[in-house]
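So the structure is just underneath, and the comments pick up after that.
The values are calculated or read from the model by the stated rules, or taken from the named source; none is laboratory data. Everything numeric in this text was worked out from a predicted model, so none of it was measured. A quick note on method: Cβ atoms are made from the backbone with ideal geometry, for glycine too, and the neighbour counts reach across all protein chains shown. The area values use the complete protein model at the heavy-atom level, side chains included, leaving out ligands, DNA and RNA. Shrake-Rupley method; radii C 1.70, N 1.55, O 1.52, S 1.80 Å.
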Amino acid sequence: MPEGLAVLKWDDELGPIVTIRTPKKLKIGLDPTTSMRAYGIATLGETKESQKPGFSSLAFEDFKLAVYYGGLNMHLKGLPSMVFLVLHPEEDPDVYKDALPEIATQIFLNAENDAYEKMVAPLYKQISRYTQMTAEQQQASVLTDPVRRGIIQILMKNGTVLSADLEQVIFEEVGKKIDVDIVLRPLVKMGIIATGWVEGLSSEVIYLTRALFVLRTVSHNIVRAVLESDLPKDATESYLESSKEYHRDYVARLRNDLFKTVWSDAEEIGKYMLDFDTYDLIQVLRRSPIEMKQLPEMISLSNAKIKKKLSTLEKANIVTRIKDGNKQQHVILKCNPEVVTVYPEWLIQRTVDQYNSEIIASQQAKHYLEVLKQSHPSQMKLIAELE
Amino acid sequence: MIREIHIFKEGQTLFKDIIVENKDIDTDSVMTLVASSAQNLQEWKIDSTEINRYRFVYMNSHNAQFIVTMDRQSSLQKVNEAMMSLVSRFMMVFESTLESDEWKSTDFTPFGIGFRKIVGTIPVKMCLAGHGGTGKTTLLELATLPSRGPAQEYVPTFFGDKALLKADFDPYIFSIFDLGGQDRFVQEWGKIIRSGSLVFIVTDSTEANLEWTKRIAYPVLKAELPYARAIAIANKQDLPGALSPQEVAGKLGVPAYGMQANQLDFRERWLELIRALAFEELEFKIVGEIKETE
Ligand SMILES: Nc1nc2c(ncn2[C@@H]2O[C@H](COP(=O)(O)OP(=O)(O)O)[C@@H](O)[C@H]2O)c(=O)[nH]1
Ligand SMILES: [Mg+2]
């Protein structure tokens, strides 16, 4: 566990200043000489044209720092531009390589009017959970953030967009000006988008390489487990029936309004996945149906909490409960909520169409088709084999 | 750094406080000009205009014009905030006075204390610029850590360092930025020195170092802080073969002052140089006007 977390901004007259820290009593690692050093490491060699935001770590005699820097733009604007964890000298900063950017991004996105200040303490309390975030949770965090969700939506429709246009669209949708760069970075890292410069275009171009959304799938091992269980026949039958019916209805909704169904689920289910307790519950239930009374032991949560989480998941049509012959409750997944990424096959034709009707620049279209070619699953397999 | 304040109403001066005079311009005619621009401003709107190395920030409230003169490159946002708080403070006491005819016979001098307090909330930014090993960190510590005495061992500064200096410099306090002097850090100075008012060009008074200063440091300083005031510190005067301050000044094109930064005895002199440059009571040069001579 780190000693604490602090946010720095650059003040022209005062140099780096700590705008907020948690816990309040945190002292170590906050002296100006250290902060200057942290700034130096983060910004060394950086220019306006080639900003280098990102994660770095520094070791001192009595402590270490894990630093996430937001880039020269934020630095020059005097916005909070650096979030760092103060660590014990024995601790490994790399443990926070994914968690810290996640927290810092939320802070940077709420930099205006100091809105982030209230978020810092609760975010910090979750830090150790953040270090254990699964890939699926990281993707869920993209889907729950309205800005990044909006970006994915636009890209899933159009495939490619200019960074400047994206900024404008986001501004219109969420009502605030956002540094697109900060928001996109984690998406590039996840392999969901790629960025590049195209000759003749004034701003960077963004390409979708994998689509990202949430699906409710049928879990075959759960169905098998239910069939093979000792549950009374009428109970299993009614489970299978209701699950089947639910999926029929779900598929109909997908057909009817794909966009609305997928994105309202993305928002809602993403939230459950980011709630660490709820996610634990889902993870356990993905393995097999479970007797209610065994749950507290399995996920070390109080009975009351489990009940609360379960009733939320029940309302969301994710779990269901049935009783066996001894009146014992069993908890079973009604559907398996999954964050999925798929190769955006449909964007190939779409790009060709946009190219033909001159909606996008020809260079941009060609470049995107090349990107799509390179990120095609067959290519990926080839690369993996070569490596 | 805030230098002056003038408050006008109907062409009369209600109050003025000149901390550091603007010697190289005709202040009276500039004030007349700025005051008439200020008159056209909406209540509580702030605007500013630049002349040479000065910036005039002005505001109009209750038909009184408030004009604050600052160093051109100091942080405008902070001076704007200072303007807001000083006009609020002024109105807290004098609002009703301004609304009647009373103002014509009122003594506004008590406002001076409040004004100077606000001036003291914005540190005057000073930068120690020079090659690695010339004595910048030693100077920083000589000023800010007198009890410890300047360190004698040389630990190269990474990127930069900073410290606040509160001494007998009323109403000003200083923030000292020590710039990492290795070549790879000089290109980074721009990120650190923005808004600087004072530049101390630190040399170890050797030929080679003066060459380096002109070749490497000057371009960065001139690009970033053309309106700042500068003097050179001819450090390490105790070493045999050290060039004299006059020689250093001649080669750098900047008035130079002798120093031995590793001697605690020189603290008084060092602080006096800082004070005198801030108050413009010694010979200095504007960075953008530096001409290398020899
Ligand atoms: N002889 C002598 N040595 C000095 C003087 N001022 C500083 N030094 C020494 O020069 C070395 C470099 O000083 P430092 O302040 O670290 O240089 P910086 O790289 O410019 O920060 C240190 O060992 C200081 O003690 C001086 O006036 N005379
Ligand atoms: Mg140094």
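Legend: mean number of C-beta atoms from other chains within 10 angstrom of residue C-beta atoms, peptide B:179-186, equals 1.
Averaging the sequence gap over all C-alpha pairs within less than 8 Å and six or more residues apart, then dividing by the number of residues, gives the range A:4-131 a relative contact order of 25 percent. Close amide H pairs (under 5 Å, H built 1.01 Å from N) link A:Gln328 with no residue at least 5 positions away or on another chain.
Residues of the range B:28-125: accessible area per residue at 1.4 Å, in Å²? Walk me through the numbers before you get to the answer.
Details: 4550 Å² over 98 residues.
The answer is 46 Å² per residue.
Helix A:233-256 versus the longest principal axis of chain A: what angle, 0 to 90°, nearest 10, using Cα atoms? The helix A:233-256 is inclined about 50 degrees to chain A.
With every protein chain kept in place and ligands, DNA and RNA left out, what is the accessible area per residue of the range A:216-339? Probe 1.4 Å, answer in Å². Kindly include the intermediate steps, with their values, before the conclusion.
Working: 6780 Å² over 124 residues.
It amounts to 55 Å² per residue over the range A:216-339.
Measuring spread by the Cα atoms of the range A:216-339 yields a radius of gyration and Dmax of 14.5, 44 Å.
Could you tell me what fraction of 2.2 N^0.38 Å the Cα radius of gyration of the range B:124-289 comes to, as a two-decimal ratio?
Against the compact-globule rule of thumb, the ratio is 0.92.
Solvent-accessible area of B:Trp44, all protein chains in place: 100 Å² (probe radius 1.4 Å, heavy atoms, ligands and nucleic acids excluded).
Placing one equal scatterer on every Cα of the range B:1-62 and applying the Debye formula, the log10 ratio I(q)/I(0) at q = 0.24 Å⁻¹ is -1.15. Over the C-alpha trace of the range A:269-387, radius of gyration and Dmax come out as 22.7, 69 angstrom. Springs join every pair of Cα atoms under 10 Å in this Gaussian network model of chain B, and among B:Thr138, B:Thr203, B:Thr157 the largest mean-square fluctuation is at B:Thr157. Just so you know, the Rg over Rh for the range B:1-139 is 1.05, from Cα atoms, with Rh as the Kirkwood radius. Projected label points at B:Val93 and A:Lys48, each 7 Å from Cα along the beta carbon direction, are separated by 4.3 nanometres. Mean sequence separation of contacting Cα pairs (under 8 Å, at least six apart), scaled by the length of the range B:27-80, corresponds to a relative contact order of 30 percent.
Pairwise alpha-carbon distances in the range A:4-131 exceed 26 Å for 11% of all pairs. The calculated Kirkwood hydrodynamic radius for chain B is 20.3 Å, given to one decimal from all distinct C-alpha pairs. Using only Cα atoms, find the angle between the long axis of helix A:303-315 and the longest principal axis of chain A, and express it within 0 to 90 degrees, rounded to the nearest 10. Approximately 80 degrees, to the nearest 10. Find the relative contact order for chain A and round it to a whole percent, using C-alpha pairs within less than 8 Å whose residues are 6+ positions apart. After rounding, I find 13 percent.
Taking the Cβ-Cβ separation of A:Glu314 and A:Asp353 as r and a Förster radius of 45 Å, what is the calculated FRET efficiency to the nearest 0.05?
Values: r = 44 Å, r/R0 = 0.97.
Calculated transfer efficiency: 0.55.
Computed from the Cβ-Cβ distance with R0 of 25 Å, the FRET efficiency linking A:Lys293 to A:Glu268 stands at 0.30.
The label point for A:Ser378 and the one for A:Glu338, both projected 7 Å from the Cα toward the Cβ, are 2.4 nm apart.
Pairs over the 22 Å Cα-Cα cut-off, from the set A:Lys48/A:Lys373; A:Lys77/B:Lys16; A:Lys157/A:Lys373; B:Lys23/B:Lys78; A:Lys77/A:Lys125: A:Lys48/A:Lys373; A:Lys77/B:Lys16; B:Lys23/B:Lys78; A:Lys77/A:Lys125.
Taking amide H atoms as placed 1.01 Å from N in the peptide plane, the amide H of A:Val319 lies under 5 Å from those of A:Glu314, A:Lys334, each 5 or more residues away in sequence or on another chain.
Express the Stokes-Einstein translational diffusion coefficient of the range B:206-252 in µm² s⁻¹, to the nearest whole number, given a Kirkwood radius over alpha-carbon pairs, 4 °C and a viscosity of 1.567 mPa s.
Working: Rh = 11.6 Å.
D, rounded to a whole number, is 111 µm²/s.
Within the range B:73-176, all pairs of alpha-carbon atoms sorted by distance into 5 Å bins from zero give the percentages 2, 10, 16, 15, 13, 11, 9, 7, 6, 4, 4, 2, 1, 0.
Over 14 Å, how big is the tail of the calculated P(r) for the range B:153-197, in percent of all Cα pairs?
Values: 563 of 990 pairs.
Cα-Cα pairs of the range B:153-197 separated by over 14 Å account for 57 percent.
Count, for each residue of B:155-167, the Cβ atoms from other chains sitting within 10 Å of its Cβ, then give me the mean as a whole number. Spell out each step's value before the answer.
Numbers: counts 0, 0, 4, 6, 9, 7, 7, 8, 3, 4, 0, 0, 0.
Partner Cβ neighbours, averaged per residue: 4.
Placing a label point 7 Å from the Cα of A:Asp230 along the Cα-to-Cβ line, the residues of the range A:312-334 whose backbone N sits under 19 Å from it are A:322-332.
Counting partner chain Cβ atoms within 10 Å of every residue's Cβ in A:41-52, what's the average?
Details: counts 2, 1, 4, 8, 3, 2, 3, 0, 0, 0, 0, 0.
Going residue by residue through A:41-52 and averaging, the value is 2.
Interface B-A: total buried accessible area of about 1900 Å², 1.4 Å probe, protein heavy atoms only. The spread of Cα positions in chain A, taken along each principal axis and listed from longest to shortest, comes to 74, 61, 45 Å.
Select from chain B the helices, each a whole stretch of DSSP H, whose alpha-carbon atoms run 27 Å or more along the helix axis and whose Kyte-Doolittle mean is at least 1.6; answer none if there are none.
Working: long enough: B:76-99 (30 Å, 0.42).
Helix filter hits for chain B: none.
Please state, as a whole number in µm²/s, the translational diffusion coefficient that the Stokes-Einstein equation yields for the range A:97-170 at 20 °C and 1.002 mPa s, with Rh defined as the Kirkwood radius across alpha carbon pairs. This corresponds to a translational diffusion coefficient of 156 µm²/s.
How much FRET efficiency would the formula 1/(1 + (r/R0)^6) give for A:Lys77 and A:Glu204, where r is the Cβ-Cβ distance and R0 is 22 Å, rounded to 0.05? Before the final figure, lay out the partial values.
Details: r = 19 Å, r/R0 = 0.88.
For A:Lys77 and A:Glu204, the calculated efficiency is 0.70.
For the protein assembly as shown, the average shadow cast by the Cα convex hull is 41.0 nm², which is a quarter of the hull's surface.
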